[in-house]
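Shown next, in structure tokens, is the structure this report addresses.
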Amino acid sequence: MFDLTSKIKLGPALQKKYALARILLHLAFLAGVIFVADRVLFPSATLVFSFGNANSLKNTLGAPHTSEQPNVLAKSSVAANGNLIFDANPVGNFSDATITFGADKTSQNIEGSAVRLRKSYQAFFYPTGAPIGFRDGTLLATPDGSYYIVSDGALRRFSSTDIILKLGYPKSAFLTVSSDDLRYNSIGADITDASVYPDDTFFAIGDTYYEFKGSQLFPFVSTRAFFSQFDALQAIIKGDDFFSQYKVSDSILGFADGTLGSSDISVFILSQGKSYPIADVATFLSMGFNWNDVVALDADELGTYQRQKQFTYDQPHPDGTLFLDQKTQKYFVIENGAKRPIKSAAIAQTYSKQKPVLADLEQSETSVSCQLKKVLLSSSTYACTAALDSFGQFIGNDYRIDTTFSNETKISSIDTTFSTPLTWENLRSSLSKIKENLKNNYVPQQ
Amino acid sequence: MLRLPHISKDTFIVIYKLLHDALLLLLVSFAAMLVAEGALPGIVSQHISLARLAVAIFAVLGMIIWLGKELQITYEKPAIKKNKLLPVLILFAFLLIGNSLLKFALWENMLITLVTLLLFFLFYQIIFEPEK
């Protein structure tokens, strides 16, 4: 064996002791290698939340809330039949999850309480909101000969075709839809004055596109930004003299909400005037984004957005993200803590320029469950383990954990451990993932 | 004199030898982890702290130095240039640096790697050059 101290000679008795100790050292080393291999090939992740330090950065689970108040941190005291919902975002694929609740010593027994787990994206777990209507600025025509513009969310009918011609809207920009498609927008006042443009009219002046709102012209930062949401046809072409009639706003409009933009080696999610730098490649991929959807931004384009803190894998997709249910091919738009369905194909067409994130509604409603049991040698700790095998290749990076407590209790801490049991199948799966990652790193992509 | 009177000098010599064995194992492990990290970033560091391993290596080195002094074990200064391991270590460094620059074109990668190794060699010369 390799000996770094061959020059130091030992007596026979001492040499024997040294040889024995050396064997023990190598056995300990072997145990260490097995430990590391176990961690790498059968990964586990523990995520925690402490109600005592609810604002601590050490909390790695999403803040618990109730179904009644999804945006408010739940109180640690839960009534009988009350629920606690929280999100867990472990990185990787796991075979089972052990959920442990530390309860106050004075709490009642909560054995038998049901814990339910589902897997999807955090934003896709948002409650379903009201169906979304046509985008502002969309020009619509119905078979009965009515013409509309969507202005400030409402449908405003042009009282005559003369007004349309006088205002200069290109006829080819009107999208023919059924009367049924119109029911998802509220009804606004008719447009009767041919001298006043309704809000959300688009203009093309020189090389720049503008949105008209509140008697001001809001410029788009680039033609690409305008085209990320609208067609060139939708804009009325005007000359420079138009600026004498309306003031140009200092606020600059950007890309469609939910657009992915890149600058240098960073990728950003652009939403509502804010840019969220995506933390790393793993986060980008875990959010279901596609590299082909990333737009290379120039300094001016990125400069119009207010830079936010890093976007990490445990955050929900921001407002404006478009989800596509892979089974039903239905679209959902994320807006103010709700996923708003797009109920009509005509409305979906106006969102077609946006790149959707693939999700699965049916999968997001599939759950596995387990029942809490008292942990051995503990009076106030309850745990249960749920097998995650049925989630298989479910889309999403978020586990939604929903517990309904059988008795009134006061929870002090939640501990969720995702693990991969030592089986041949898991070993094969881990090795195959390593092989795939190696291929991704070293084999040039087509 | 040894400052721990309850343990015999022989035992300390055995510990001293064992510490060298442990150091070798730790260095081999560290190199293996560096290779794994180079090939698949995060594969080890996601689960095991490489910094802790580095601290363990320095701790073992510290103990070896301390025990060596206590046991009055001295070595001749090793002739690094004549060490048989040197070409292997240079090749290892070459591959590790080259691997980290995979996104570059092959000629850029080779150039940067060779210049980096040359710089390391020059640093070595400056640091270990015998004083005149």
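The values are calculated or read from the model by the stated rules, or taken from the named source; none is laboratory data. Keep in mind it's a predicted model, so treat the numbers as computed, not measured. Don't worry about glycine lacking a Cβ; one is built from the backbone with ideal geometry, like all the others, and counts go over all protein chains shown.
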Looking at this structure, is B:Ala22 in a helix (DSSP H, G or I) and within 8 Å of another protein chain (Cβ to nearest Cβ)?
yes
Can you pull out every residue in the stretch A:33-71 that is within 19 Å of the chain's Cα centre (by Cα) and loosely packed, with under 13 Cβ neighbours inside 10 Å?
A:Asn71
Return yes when A:Lys58 is among the basic types (Lys, Arg) and within 14 Å of chain B (Cβ to nearest Cβ) and no when it is not.
no
Across the stretch A:109-123, the tally of residues that are outside any strand (DSSP E or B), closer than 22 Å to A:Ala386 by Cα and under 18 Å from the mean Cα position of the chain (by Cα) stands at 2
I need every pair where a residue in the stretch A:147-168 that is loosely packed, with under 15 Cβ neighbours inside 10 Å has its Cβ under 6 Å from the Cβ of a residue that is among the β-branched types (Val, Ile, Thr), sequence separation at least 6 or different chains.
A:Gly168/A:Ile236
For the stretch A:1-18, enumerate the residues that are out of contact with any Asp or Glu (no Cβ under 9 Å at 6 or more places or on another chain), closer than 22 Å to B:Leu27 by Cα and surrounded by fewer than 13 Cβ atoms within 10 Å (Cβ to Cβ).
A:Ser6, A:Lys7
For B:His6, work out the one condition from (1) within 12 Å of chain A (Cβ to nearest Cβ); (2) not in a helix (DSSP H, G or I) it doesn't fulfil.
(1)
Quickly run through the stretch A:235-247 and pick out the residues that are surrounded by 14 or more Cβ atoms within 10 Å (Cβ to Cβ) and part of a strand (DSSP E or B).
A:Ala235, A:Ile236, A:Lys238
Tally up the residues in the stretch A:398-419 that are part of a loop (DSSP other than H, G, I, E, B) and buried (at least 22 other Cβ atoms within 10 Å of the Cβ), please.
1
Quick one: is A:Leu139 crowded, with 22+ Cβ neighbours inside 10 Å, touching a residue at least 12 places away in the same chain (Cβ under 8 Å), more than 28 Å from the chain's Cα centre (by Cα) and closer than 25 Å to A:Lys353 by Cβ?
yes
Scope the stretch A:335-361; condition under 20 Å from A:Pro316 (Cβ atoms) and out of contact with any Asp or Glu (no Cβ under 8 Å at 6 or more places or on another chain); matching residues
A:Gly337, A:Ala338, A:Lys339, A:Arg340, A:Pro341, A:Ile342, A:Tyr351, A:Gln354, A:Pro356, A:Val357, A:Leu358
Quick one: would you say A:Ile191 is surrounded by 18 or more Cβ atoms within 10 Å (Cβ to Cβ) and under 22 Å from A:Glu211 (Cα atoms)?
yes
Taking the stretch A:14-37 only, how many residues are facing chain B (nearest Cβ under 9 Å) and over 15 Å from B:Leu18 (Cβ atoms)?
4
Looking across the stretch A:99-134 at residues that are at pLDDT 90 or above and among the charged types (D, E, K, R), the single one that is nearest to A:Thr312 (Cα to Cα) is A:Lys119
Are there any pairs with C-beta distances below 6 angstrom linking a residue in the stretch A:342-367 that is farther than 10 Å from A:Phe332 by Cα to a residue that is surrounded by fewer than 21 Cβ atoms within 10 Å (Cβ to Cβ) and polar (S, T, N, Q), with the two at least 6 apart or on different chains, and if so which?
A:Leu358/A:Gln326; A:Asp360/A:Gln326
How many of the residues making up the stretch A:35-66 are over 30 Å from B:Val44 (Cβ atoms) and touching a residue at least 24 places away in the same chain (Cβ under 8 Å)?
3
Failed condition for A:Arg307, given (1) under 25 Å from A:Ile278 (Cα atoms); (2) in contact (Cβ under 8 Å) with a residue 60 or more places away in the chain; (3) basic (Lys, Arg):
(2)
If we ask which residues in the stretch B:33-71 are within 9 Å of chain A (Cβ to nearest Cβ) and either part of a helix (DSSP H, G or I) or out of contact with any Phe, Trp or Tyr (no Cβ under 9 Å at 6 or more places or on another chain) (or both), their number turns out to be 10
